[in-house]
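The values are calculated or read from the model by the stated rules, or taken from the named source; none is laboratory data. Everything numeric in this text was worked out from a predicted model, so none of it was measured. Heads up, the Cβs are rebuilt from the backbone with ideal geometry, glycines too, and the neighbour counts pull from every protein chain shown. Just so you know, the surface numbers come from the protein's heavy atoms only, side chains and all, with ligands and any DNA or RNA stripped out. Shrake-Rupley method; radii C 1.70, N 1.55, O 1.52, S 1.80 Å.
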Amino acid sequence: MRTCAPVLTLVLLGPFLAGSACAQLIGTPDFSDHTIPTSQVADPASNGWALVDISALVIALGLATYLALVSRSRKHLFLLTLACLAYFGFFREGCVCPIGATQNVALAMADASYVLPITVIVFFLLPLVFTLFFGRTFCAAVCPLGAVQELVAVRHVRVPRWLDQSLGLVPYIYLGAAVILAATGTAFIICRYDPFVAMFRLNGTAPMLIFGGSLLLVGVFVGRPYCRYLCPYGAVLRVLSRFSKWHARITPSECINCRLCEDACPYGAIETPTVPLSRDESRRERRHFVWALALVPVWVIGGVGLGSQLGEPLARWNPDVLLAEQLTAEQFGLAVETTDATEAFRSAGREPREAYLVADKLQRRSRTLACWLGAWVGLVVAIKLVQLSLRRQRDDHVANRSGCVACGRCFRYCPVELVRLGVISDVSERVTEEQP
Amino acid sequence: MNDQPVKNDRREFIQDGLRVAGLVTLGAAGGFLVGRQGEAEETVWQLDPNKCIACKNCATHCVLDESAVKCVQFFDMCGYCDICTGYFDPNYRELNTAAENQMCPTGAIRRTFIEEKAGQKFFEYTIDADACVGCGKCVKGCALMNGSFYLQVSHDRCLNCNECAIAVSCPTQAFDRLPANRPYRLKSPALALLKRKVKHPSHQDARDLLSQVYDP
């Protein structure tokens, strides 16, 4: 069949002219006894879940905080994790989630015409506020993405510190890229590359299912790989958790430095007491710190340099830029065949020049943004180096405030906790009696 | 030994300060976002049938098992043809309603005889939205003639994802966001026809449709 683009002239009442009617509309007949219906479109489904979602979030966050900080029950936390996985994950199919909401917030900040539903605002802000006071209890049991990884983290291996620290930079870079792409209305990459939402929906593209599946497989040995090395919202939570007022503790009262908890954490978040440094060592440490501080501008400038090279690839996220590129390629005979996009563009009677102008503007904007992204990456690296050169003295085994997700696995490793629970009896007094 | 509590006090003081600063920032962000609510309307995804080329992506790229995109028939643009290029497969064996002769893979188009006039038979073609999968085969077929079939995101089904998966894959960028109280579109000739139709007092259904249609 030959495709002919019909030039639609309006209403041609007249005889039925099959075949010859490419240029005109065939008139709707005048029926003697039949009125021509008007099809109705479906009314929008009312979003009755908004209130339920918000209440579920508030209740789950409150419960998670209580279970992690007050009642210290890993079992109940685990049950809550399952419940949240069932509700936020499988029932609500992973939407709305605070991780993705980051992008909506970025877009709403940048674009006044984009309106954010209240649910999204609450989902974005509430976990942040909770984290500011109680640490990452959202990660502990509420987040469905964390939950699905929590279930498979059964056999953990220790990630080497250098690898852990370097991969730990990725979430900040991801966050920067996601915010820039969302704020410019280009793409929502957090949603597009959400590894587990395809599982929650029991439906998705093969690459995303494979990505999610392999993350879970890795997650058996390296606890919560998405949370630790990708999650952009987790990156924000890490920073806030550092300043939290209260936080989940390994031991209910005083650490006796028995070292039993050292291997408890699958997420590498337990910090051991520091060894006092010799004078030479501490002088070296101080020199490192000064260097790291002095190098901050160098990293940022280097990042801008790197970013200036990334303008082109960043621009190619935008379909308008791709369209203009394809149009150019076709114009100069570089493209083998036309695409649907260029066909549609031409059949709409638009001039390629129009597309070039749009693409040019977008490319210029993306060059600027890429420099900002580069500066952000440089800053992230620089801050990490400063942070690594800082050493704080620790006398006890404590949870690393930014790394700890308050999952409660370490509670029962602590003998003090076992005494508290009455599982074992306190023999410390008897031991000290016998000692001398 | 003696300065330990002082040091801790100082640390706590700084942390308290940072916490308050964080809280204020979050509160300000929340207030700003809530304050912006009044400035514009909420929006939902819709496709522009004037740009649509019926490429079939709508049927396969939606995150729902059964796509939120459905075919709609705009009857006032339909020729009520006997040999409908949207209904019959180009390689039909016979001109009857047998499945192998139909364009629609799910048999979602109902063909009803209306009238015979001057030797011409006229049929009405109605879409069964429950059976439609939004593949747009009929839309492509109908485009050869009047183009009264067109695809639309059906808002009783659409989840209103952050980033519509079909929009990402749409070759002609036909998807964008419309105000939620007018979430549907018509082809431009159809819109003109509908505007004429609503003037007639008996056409309440036409007024209902027009009230839902976005008019640029």
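Summarise the partner chain shielding of B:160-167 as one whole number: the mean count of Cβ atoms from other chains within 10 Å of each residue's Cβ.
Working: counts 5, 6, 14, 10, 1, 4, 0, 1.
Mean shielding count: 5.
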**OP:** Return the whole-Å distance between the Cα centroid of the stretch B:138-216 and the Cα centroid of the stretch B:54-68.
**Re:** 16 Å
Original post:
Say the cut-off is 20 Å between C-alpha atoms; which of B:Lys140/B:Lys187; B:Lys70/B:Lys187; B:Lys70/B:Lys199; A:Lys75/A:Lys245 go over it?
Top reply: B:Lys70/B:Lys199; A:Lys75/A:Lys245
Original post:
To the nearest µm²/s, what D does Stokes-Einstein give for the stretch A:279-389 at 10 °C and 1.306 mPa s, using the Kirkwood radius over alpha carbon pairs as Rh?
Top reply: 94 µm²/s
Subject >> Positive-end extreme of charge dipole, the protein assembly as shown - chosen from A:Cys191, B:Asn101, B:Cys55 (charges on Cβ) >> reply: A:Cys191
Original post:
How large is the dipole of the stretch B:127-216 about the Cα centre if only Lys and Arg carry +1 and Asp and Glu carry -1, each at its Cβ, rounded to the nearest 20 debye?
Top reply: 420 debye
Original post:
What nm value, rounded to one decimal, do you get for the distance between B:Leu23 and A:Ala329 when each label is placed 7 Å out toward the C-beta?
Top reply: 5.6 nm
Original post:
How long is the stretch A:106-159 along each principal axis, judged by its Cα atoms, biggest number first, in Å?
Top reply: 48, 22, 20
Subject >> Projected label distance in nm at B:Gln37 and A:Glu93, using a 7 Å step from Cα toward the beta-carbon >> reply: 2.6 nm
Original post:
If you take the charge dipole of the protein assembly as shown about its Cα centre, with +1 on Lys and Arg Cβ and -1 on Asp and Glu Cβ, which of A:Ala206, A:Cys258, B:Gly30 is farthest toward its positive end?
Top reply: A:Cys258
**OP:** For helix B:4-35, report the angle its Cα long axis makes with the longest principal axis of the Cα atoms of chain B; keep it between 0 and 90° and round to the nearest 10°.
**Re:** 30 degrees
Original post:
Mind listing the phi-derived Karplus ³J(HN,Hα) values for the stretch B:50-64, rounded to whole Hz, using 6.51, -1.76 and 1.60 with θ = phi - 60°, and x for any glycine or proline?
Top reply: 5, 9, 5, 10, 6, 7, 5, 4, 4, 6, 10, 9, 5, 6, 7
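Expected output is a single nm value to one decimal: the length gained when fully extending between A:Val70 and A:Thr272, i.e. 0.36 nm times separation in residues minus the C-alpha distance. What is it?
Details: separation 202, 0.36 × 202 = 72.72 nm, distance 2.33 nm.
Result: 70.4 nm gained on full extension.
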Original post:
Given H placed on each backbone N at 1.01 Å, which residues far from B:Phe88 in sequence or on other chains put an amide H within less than 5 Å of it?
Top reply: B:Met103
Original post:
Ignoring ligands, DNA and RNA, how do B:Ile53, A:Ile250, B:Ile83, A:Ile210 rank by accessible area with a 1.4 Å probe, largest first?
Top reply: A:Ile210, B:Ile83, B:Ile53, A:Ile250
Original post:
Nearest 0.05, what FRET efficiency do B:Arg10 and A:Trp162 give at R0 = 35 Å with Cβ-Cβ as r?
Top reply: 0.60
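About the Cα centre of the protein assembly as shown, how large is the charge dipole given +1 on each Lys and Arg Cβ and -1 on each Asp and Glu Cβ? Please answer in debye to the nearest 20.
For this selection, approximately 1840 debye.
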Original post:
Expressed in nm to one decimal, what extension gain is obtained for the pair A:Ser428 and A:Tyr193 from 0.36 nm per residue of sequence separation less their Cα-Cα distance?
Top reply: 79.4 nm
**OP:** Any chance you could run the full-extension gain for A:Phe221 through A:His34? It's 0.36 nm times the residue separation minus the Cα-Cα distance, nm to one decimal.
**Re:** 60.3 nm
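Excluding B:Val139 itself, what net charge comes from residues whose Cβ is under 15 Å from its Cβ, given Lys and Arg +1 and Asp and Glu -1? Before the final figure, lay out each step's value.
Numbers: positive: B:Lys51, B:Lys56, B:Lys70, B:Lys137, B:Lys140, B:Arg185, B:Lys187; negative: A:Asp340, B:Asp48, B:Asp89.
Cβ neighbours under 15 Å give a net charge of +4.
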Subject >> A versus B: buried accessible surface, summed, Å² (probe 1.4 Å, to nearest 100) >> reply: 6100 Å²
Subject >> Rounded Å value of the spacing that divides the Cα centres of the stretch A:290-330 and the stretch A:125-192 >> reply: 24 Å
Subject >> Other protein chain Cβ atoms within 10 Å, averaged over every residue that makes up B:72-85 >> reply: 5
Original post:
Short version: ³J(HN,Hα) in whole Hz for each residue of the stretch A:327-339, in order, from phi by Karplus 6.51 cos²θ - 1.76 cosθ + 1.60 (θ = phi - 60°), x for Gly and Pro, what are they?
Top reply: 4, 4, 4, 5, 4, 9, x, 8, 8, 5, 9, 6, 9
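With every protein chain kept in place and ligands, DNA and RNA left out, what is the accessible area per residue of the stretch A:324-395? Probe 1.4 Å, answer in Å².
Per-residue accessible area for the stretch A:324-395 comes out at 65 Å².
Counting only protein heavy atoms and using a 1.4 Å probe, what share of the accessible area of the protein assembly as shown belongs to carbon plus sulfur, as a whole percent? Don't jump to the answer; show the numbers that get you there.
Working: 20040 of 33480 Å².
Answer for the protein assembly as shown is 60 percent, counting heavy atoms of protein chains only.
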**OP:** Quote the FRET efficiency, to the nearest 0.05, computed for A:Lys245 versus B:Asp130 with a Förster distance R0 of 51 Å and r equal to the Cβ-Cβ distance.
**Re:** 0.40
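Just how large is the dipole of the stretch B:45-180 about the Cα centre, in debye to the nearest 20, putting +1 at every Lys and Arg Cβ and -1 at every Asp and Glu Cβ? Provide the component values of the computation, followed by the final result.
Values: 12 positive and 16 negative charges, 51 e Å.
In total the dipole reaches around 240 debye.
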Subject >> Distance between the stretch A:53-120 and the stretch A:207-273 - C-alpha centres, whole angstrom >> reply: 18 Å
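What number in nm² do you get for the protein assembly as shown if you take the convex hull of its Cα atoms and divide its surface by four?
Numbers: hull surface 148.6 nm².
Quarter of the Cα hull surface area: 37.2 nm².
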Subject >> Rough spin-label spacing in nm, given labels placed 7 Å along Cα→Cβ, for B:Asp208 and B:Arg196 >> reply: 2.4 nm
Subject >> Three-way shape label, the stretch B:119-216, alpha-carbon gyration tensor, a/c 1.5 >> reply: oblate
**OP:** Check each residue of the stretch B:202-216 and keep those whose accessible area, probe 1.4 Å, is at least 30 Å² smaller with all protein chains in place than in the chain alone; give them in order of residue number.
**Re:** B:Asp205, B:Leu209, B:Gln212
Original post:
What are the ³J(HN,Hα) values, in whole Hz, obtained from phi via the Karplus relation 6.51 cos²θ - 1.76 cosθ + 1.60 with θ = phi - 60°, for each residue of the stretch B:107-123 in sequence order, with x given for Gly and Pro?
Top reply: x, 8, 9, 9, 10, 10, 6, 10, 6, 10, 9, 6, x, 9, 9, 10, 10
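How high is the relative contact order of the stretch B:45-180, in percent, counting Cα pairs under 8 Å that sit 6 or more residues apart? Mind dumping the intermediate values first?
Numbers: 246 pairs, mean separation 56.5, N = 136.
Computed value for the stretch B:45-180: 42 percent relative contact order.
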Subject >> the stretch B:45-180 - Rg and Dmax from Cα coordinates, angstrom >> reply: 15.4, 54
Subject >> Positive-end residue of A:Trp372, A:Gly305, A:Leu388, charge dipole of the stretch A:279-389 with Cβ unit charges >> reply: A:Leu388
Original post:
Say R0 is 60 Å: what FRET efficiency, to the nearest 0.05, do A:Val419 and A:Ala348 get from their beta-carbon distance?
Top reply: 0.20
